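Reading through the structure tokens given below for one structure.
Computed from the coordinates by the stated procedures, all read-outs in this text should not be read as laboratory data. Predicted model only: the values in this text are computed from it and were never measured. Here the Cβ positions follow ideal geometry from the backbone for every residue, glycine too, while neighbour counts run over all protein chains shown.
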Amino acid sequence: MEHITSTPTMKAPAERFTGAVYLNMIEAPTEPARLAAALVRFTPGARTNWHSHALGQVLYITDGVGLVGTRDGNVVRVSAGEALKCPAGEEHWHGATDTNLMAHMALVVGDGNGDGTTWLEPVTVDQYAAALTVLGD
């Protein structure tokens, strides 16, 4: 058993996120275990870049209201206590609405070469605005 008492909060890297995003890494994928777990906090309007995961991802919303969008234009509004599964290889993004904070636990099973995440380009202002429009925000 390993008791992890706290992890430092760090600002998420600007090359992978738009807006102010903060994360606490809880577990990095180290062999033989491959779990990556992080608490990620998004300020209003903040979001990830487009990305995908080799083996998928689970998001558990701990606080606030957020959005998860896919390349085909599907957008899901998520709230505290809800979870969302992103299948392997699906290009998606997630973040806060324009008026609410959102925090989630991000859980990823690595592929043996890190966490298996492929980071892509930023979500544009127009793509984000379209997601808000779909939800009536």
Item checked: Inter-centroid distance (Cα atoms) of region 105-129 relative to region 14-57, Å -> 7
Notebook entry, point to check: Once both labels are modelled 7 Å past Cα along the beta-carbon direction, what's the residue 62-residue 74 spacing in nm?
Noted result: 2.7
Notebook entry, point to check: With charges set only on the Cβ (+1 for Lys and Arg, -1 for Asp and Glu), what does the dipole of the chain come to about its Cα centre, in debye to the nearest 20?
Noted result: 180
Notebook entry, point to check: Under the rule of -39500 (n - 2.57) per DSSP H run of 4 or more residues, summed and divided by the residues of the chain, what mean residue ellipticity at 222 nm is obtained, to the nearest 500 deg cm²/dmol?
Noted result: -2500 deg cm²/dmol
Checklist line | Phi to ³J(HN,Hα) by Karplus 6.51 cos²θ - 1.76 cosθ + 1.60 over region 58-74, Hz, x for Gly, Pro | finding: 10, 10, 10, 7, 9, 7, x, 9, x, 10, 10, x, 10, 4, 7, x, 5
Margin query: Please arrange 3, 92, 51 by how many other C-beta atoms lie within 10 Å of their C-beta, fewest to most.
Written below: 3, 51, 92
Margin query: For 105, 1, which order do you get if you count the other beta carbons within 10 Å of each Cβ and list the fewest first?
Written below: 1, 105
Next item on the list: May I ask you to derive the relative contact order of region 19-135, considering only C-alpha pairs under 8 Å and at least 6 residues apart, and to give it as an integer percent?
Entry: 35
Next item on the list: Please list, in chain and number order, the residues 5+ apart from residue 71 or on another chain whose amide H is under 5 Å from its amide H, with Hs placed from the backbone.
Entry: 91
